[in-house]
1. Would you work out if region 41-281 is rounded, prolate or oblate? Take a ≥ b ≥ c from the square roots of the eigenvalues of the alpha-carbon gyration tensor; rounded if a/c is under 1.5, else prolate when a/b is larger than b/c, oblate otherwise.
2. Hey, rough spin-label estimate for E202 and T222, points 7 angstrom out along Cα→Cβ, what's it come to in nanometres?
3. First check a/c for region 75-172, with a ≥ b ≥ c the square roots of the eigenvalues of its C-alpha gyration tensor; if it is under 1.5, answer rounded, and if not, answer prolate when a/b is larger than b/c or oblate otherwise.
4. In nanometres, what is the gap between the two model label sites at S134 and R195, each 7 Å from Cα along Cα-to-Cβ?
5. Would you mind getting me the FRET efficiency between T275 and T170? Use the beta-carbon distance for r and R0 = 30 Å, nearest 0.05.
6. Give me the one-decimal nm value for the distance between modelled label points at T99 and L267, 7 Å along each residue's Cα-to-Cβ direction.
7. If you roll a 1.4 Å probe over the heavy atoms of the protein chains, what accessible area per residue do you get for region 41-281, in Å²?
8. How much of the accessible area of region 41-281, probe 1.4 Å, is carbon plus sulfur, in whole percent?
Amino acid sequence: MPRFPKLSWMLSRTAQTQLCLCVVAVAAPLAMSASPDSAQGRLDAKYEATLAGLPIGKGAWVVDVSEDQYSAAVSGATTGLMKSIGGGNGTGTSQGRITAGQFAPLSYISTVNYGKKAEVIRITLGGGNIKDSSIEPKPDENPDRIPVTEAHRRNVLDPMTGALLKVAGTGDPVGPEACRKTLSVFDGRMRYDLRLDYKRMEAVKAEKGYHGPVVVCAVYFTPIAGYVPDRASIKYVAAQRNMEIWFAPIAGTRVLAPFRITIPTPLGTGMIEATEFISVQKTAKTN
């Protein structure tokens, strides 16, 4: 679910989870008509990534949520040792509508630069289905890769929308119910499921911004299509039972965003954690 350039590119390629904040740059503005009492919220967050306790990346994430629309944007780059041995950075955006209380993504763009290479993924969605998708440059064909069929492209989320939770009901959204769901994700190349299960409650305090309760979800990765079954990284992540996402609330909404993500890797625990998590409730104005 979202990828900080190279950090998350590395973790997602190693871990193939795409759990993290998919690297993104500029949040698209939200055009909306709402009543004066309609609440909406905005999150401005900064994250640091570590591998076995060593800093490897930094990123920023902006999420805007209204009554019927949302947008998200993240940017990030490698730091420290990761930068010295290859380096990478990336940007991306996702936007869509909120229909029947759930996210309905419309578009997703991710650009990741690593070394002298770059990859751009574009996805257009409608009604929960993939209308069009492309990868530039076009990847080489691999006969061992399980093909992605039209059935696999239905009822899915893009990776960035998949990193946000929209919690139904009227009670406190930061609770066990937030974790009880399975997210079907298509990232432009691969179709996979992320099953969330409630694990525990914790209290966090960012260096700047949010301090309070978070709900910790266990995450289980199941590849569906678009992957090579014999690839060791896929097998490794699918077998993991210790991946976690800590979700914190975006003020004024029933949307939760990742505060911390932990992913075991052969080199040690990979972690993305918020150093700043600033969210504010906004009141929509009548157009």
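The values are calculated or read from the model by the stated rules, or taken from the named source; none is laboratory data. Computed from a prediction, not measured in an experiment: that's the story for all the values here. Methodologically, a virtual Cβ is constructed for each residue, glycine included, from the backbone with ideal geometry; neighbour enumeration extends over all protein chains shown. Ligands, DNA and RNA are excluded from the accessible area calculation, which covers all protein heavy atoms including side chains. Shrake-Rupley method; radii C 1.70, N 1.55, O 1.52, S 1.80 Å.
1. On the way: a/c = 1.42, a/b = 1.16, b/c = 1.23.
In terms of gyration-tensor shape, rounded.
2. Result: 2.6 nm between the two label points.
3. oblate
4. For S134 paired with R195, the spin-label model returns 3.7 nm.
5. Details: r = 32 Å, r/R0 = 1.06.
Result of the calculation: an efficiency of 0.40.
6. 4.1
7. Values: 10790 Å² over 241 residues.
About 45 Å² of surface per residue is accessible.
8. Details: 5510 of 10790 Å².
C and S fraction of accessible area: 51 percent.
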